[in-house]
Structures are given as structure tokens and as C-alpha cells.
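Student: So that we are looking at the same thing, I have put the structure below in C-alpha cells.
Values in this text are rule-based calculations from the coordinates and carry no lab data. Just so we're clear, the structure is a prediction, and the values are computed from it rather than from any experiment. Every residue, glycine as well, gets a Cβ built from its backbone with ideal geometry; the counts of neighbours run over all protein chains shown.
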Amino acid sequence: MNDRWDIGGLSTQFFPETGRPTVFIYDGYEGGVGYSEVGFNRLGEMIKSAYKTVSRCRCVSGCPSCIYSPKCGNSNDYLDKTATVLLSHRMLKELSR
């Protein structure tokens, strides 16, 4: 019983505190329900699920079923299906080390 408004996110090409590209995922409501903490503890499963969803989608370059979101603060302008598949695959390889 959740929806896309229960969590939020922000990504940046460079974050001064980490010195690298960084993705933040947070509970969408004050006090939250703990989704971001669960996600942190199950990151590998989340990436695997995202990889499967995007790589199996029949669309050519991305669609609302795989990478587009009505909540995207950048109007989905920088989303790329091929890059998503490649990056999530690489992340899974790194996590399995």
C-alpha cells in the first residue's frame, strides 16, 4: 500500500561532500514510513529490480513503464534507457565483489 509520493529522490553529477556523483533517496513525508532506510539496506535488490524492469521493457528509448517519472524534477530530459541498463549492470557487478 504505497505510491510514488512516499519516496523522493535527488541526483547530482557532483556533490561536494562526497566528491562524486551522488543519488539521494528520502522518505517523501515528514517522519516518513521508513522506505529510504529499507532501500539503503536492500540496495542490491533495488538495483537488480531496476535492471530487470528497464532491460526487459519493450520500448526503444524509455517510457513511463521503465524510466520516465511524472515526479522527475528535470522533466525526464536526462534519462537514457541504454545508459540505465549499462550503469545498473555495472553497479550489480560491483556489489557482487
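Student: Kindly list the residues of the stretch 13-30 that lie in the label zone of D6, defined by a backbone N under 19 Å from the point 7 Å along the Cα-to-C-beta vector.
Tutor: Under cut-off, by backbone N: 25-30.
Student: Okay, moving on. May I ask for the longest run of the chain untouched by GluC sites (Glu not before Pro) that are loop-located per DSSP and have at most 16 neighbouring C-beta atoms (other than their own) within 10 Å?
Tutor: With GluC sites (Glu not before Pro) excluded where exposed in loops, the chain gives 31-97 as its longest stretch.
Student: For the stretch 1-69, which trypsin sites (Lys or Arg not before Pro) are in a loop by DSSP, counting at most 10 other Cβ atoms within 10 Å? Please list the in-between numbers first.
Tutor: Details: sites: R4, R42, K48, K52, R56, R58; in loops: R42, R58.
Here the sparse-neighbourhood loop sites are R58.
Student: Something else: Kindly provide the helix-only [θ] at 222 nm of the chain, computed as the sum of -39,500 (n - 2.57) over DSSP H runs of four or more divided by all residues, to the nearest 500 deg cm²/dmol?
Tutor: About -11500 deg cm²/dmol.
Student: Another question, then. With just the Cα atoms of the chain, tell me how far they stretch along each of the three principal axes, in Å, largest first.
Tutor: Over the chain, Cα extents along the principal axes are 38, 32, 27 Å.
Student: State, to one decimal in nm², a quarter of the convex hull surface area for the C-alpha atoms of the stretch 1-41, i.e. the direction-averaged projected area.
Tutor: Projected area, direction-averaged: 3.5 nm².
Student: Given the options G31, G39, G19, state which has the largest fluctuation in a GNM of the chain using a 10 Å cut-off (strictly under) for Cα springs.
Tutor: Among G31, G39, G19, the largest GNM mean-square fluctuation belongs to G19.
Student: Local charge sum around Y26 (other residues, Cβ-Cβ under 13 Å, Lys/Arg +1, Asp/Glu -1)?
Tutor: Values: positive: K71; negative: D6, D27, E30, E37.
Net charge around Y26: -3.
Student: Hey, can you grab everything whose amide H is under 5 Å from the amide H of Y26? Only 5+ residues off in sequence or another chain; H modelled, so Pro and N-termini drop out.
Tutor: So Y26 has HN proximity to G8, G9.
Student: Provide D77, D27 in ascending order of the number of other Cβ atoms located within 10 Å of each residue's Cβ, fewest first.
Tutor: Numbers: D77 7, D27 16.
So the ranking, lowest neighbour count to highest, is D77, D27.
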